[in-house]
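Read the structure below first, then the notes.
The values are calculated or read from the model by the stated rules, or taken from the named source; none is laboratory data. What you see is a predicted model; the values in this text were computed from it and never measured. Using ideal geometry, Cβ is built from the backbone for each residue, glycine included, and neighbour counts are taken over all protein chains shown.
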Amino acid sequence: MNWREVFPQPVGILPFPFDFLILPYWNGWKEYVDSILILKFEKLPPEWEILSAVKDGNWEVAFQSLSNIQEEDVKNYNLSLLTGQKQALKDDVLSYMLDILFFEDFDIKDLGRDDLNALVLWRRAQVLEKKGKIEDALLLLDSAIKLIKNSSPLFSANLLLKKAKLLMEHRGTNYATIALLEELSERLSRTGADFLKGDVHFNLGNAYSSMGNLPEAVKHYWEALNFFTLYRDPYMYALINNNMGLAYLSTGVSDIEDQVRLAYGVQCLKNALKVFTKEKYPKEWASTTMNYANALQYLPTANPSKNLLQAIELYQEVLNYRREVKDEIGYARTLANMGNALAHLGKLLEAKEHLTEAFDIFNKYGMEEEMAGIREILEEIHTLMEARYDGGT
């Protein structure tokens, strides 16, 4: 008896690369397989402790649990996942699975079982996505879903979530995609796959935000933060806070409640910047800092000049970064926002210089919408400067 007796294996249900995890044979496997496939269990036999350790992110226990695995190839296979170093194996199937995990150039083989065949298709879809072959990736995802939709509920949900994310990114968000995500959220509520639950809520937040339903977006971002905490996943915690901050700030200001929401939005961006530092995540830092500076321009306050001056300082930091990395369009966007802040502060000549430089860059790339926005601001500045020249204050 060996690992092949266990069907389905819990592949495709944990985050990469542990979606490749293989469990050894254990004579009581049939009693546990349904619970492990939805990651809802309390105590596993020693042979399978590696699954709960990896799920909980307890890497010390995960390494220790390898000693409980009697099948040498399965032990070395899972060691490869934990260390990121490919071990030599005698088992042809396990060796092939490590090949497709560690290398992107591989032939698709029929492994004689639906769970592993679906995993192979899933891996190839990931490779095709990286190469920009989105339609081909979607076709493979559909094929993989058909193989395991009735046998591995979390693997199926994971594939459906990936499909929804690709559709939103490359075809845009619509109510059909939102309905799929809502269905996944309901389906996952009965499982122990916290990372998948959080990912679905995060994507629902993004979907509702893009459709203009900001209250629903904020609700799902808050739900996502129940799973992606600062301790468990700092990057996702910061990303969710950034997106939620933008949703709060998009509501506009008409009453006291709106002002409170804007304050929440600014706090969310501050939370994101605790993680997105210039040293560790420069690209994310620049984007979030821009969002924060933009928020300061319009945040209701008794002293707007103070906020504008702080925003200008932040824009200058981002300008320096955009210049360093030679991001010309990002540089132009920052110039435009900084010019707008300078205009609000009454520094019209400086504002005009920044906006004109930004306009020239946008013109170089044929970005008509951005050029039109700058034209409007420059016309307002021209009117104000004429009023000053004519003796206005």
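Couple of notes before you dig in:
- Qualifying residue in segment 259-269 (condition: more than 24 Å from Leu214 (Cα to Cα) and surrounded by fewer than 19 Cβ atoms within 10 Å (Cβ to Cβ)): no
- Identity of the residue in segment 81-138, of a type in the set (S, T, N, Q) and part of a helix (DSSP H, G or I), that ends up nearest to the chain's Cα centre (by Cα): Gln126
- Residues that are aromatic (Phe, Trp, Tyr) and farther than 18 Å from Leu309 by Cα, drawn from segment 275-294: Phe276, Tyr281, Trp285
- Test: residue in segment 285-307 that is surrounded by 18 or more Cβ atoms within 10 Å (Cβ to Cβ) and charged (D, E, K, R): no
- Qualifying residue in segment 297-315 (condition: in contact (Cβ under 8 Å) with a residue 24 or more places away in the chain and of a type in the set (D, E, K, R)): no
- Ile134 meets all of the listed conditions (1) surrounded by 18 or more Cβ atoms within 10 Å (Cβ to Cβ); (2) in the same structural domain as Ile108 (by TED's automatic domain parsing); (3) in contact with a His (Cβ under 8 Å, 6 or more places away or on another chain) but one, namely (1).
- Test: Ser52 is part of a helix (DSSP H, G or I) and exposed (fewer than 12 other Cβ atoms within 10 Å of the Cβ): no
- The one condition in (1) touching a residue at least 40 places away in the same chain (Cβ under 8 Å); (2) more than 18 Å from Val6 (Cβ to Cβ); (3) more than 31 Å from the chain's Cα centre (by Cα) that Gln70 fails to fulfil: (2)
- Exclusive hit being assigned by TED's automatic domain parsing to the domain that holds Leu94, in contact (Cβ under 8 Å) with a residue 24 or more places away in the chain and within 27 Å of Arg190 (Cα to Cα), set Pro8, Pro45: Pro8
- Qualifying positions in segment 245-275 - farther than 14 Å from Ala293 by Cβ, modelled with pLDDT of 90 or more and basic (Lys, Arg): Lys274
- Verdict on Val325 being hydrophobic (A, V, I, L, M, F, W, C), surrounded by fewer than 21 Cβ atoms within 10 Å (Cβ to Cβ) and within 27 Å of the chain's Cα centre (by Cα): yes
- Only one of Val33, Val93, Val11 that is under 24 Å from Asp194 (Cα atoms) and surrounded by fewer than 21 Cβ atoms within 10 Å (Cβ to Cβ): Val33
- Residue among Glu169, Glu129 that is surrounded by fewer than 18 Cβ atoms within 10 Å (Cβ to Cβ), more than 24 Å from Ser65 (Cβ to Cβ) and either at pLDDT 95 or above or of a type outside the set (Ser, Thr, Tyr) (or both): Glu169
- Ser151 surrounded by fewer than 17 Cβ atoms within 10 Å (Cβ to Cβ), touching a residue at least 24 places away in the same chain (Cβ under 8 Å) and of a type in the set (S, T, N, Q): yes
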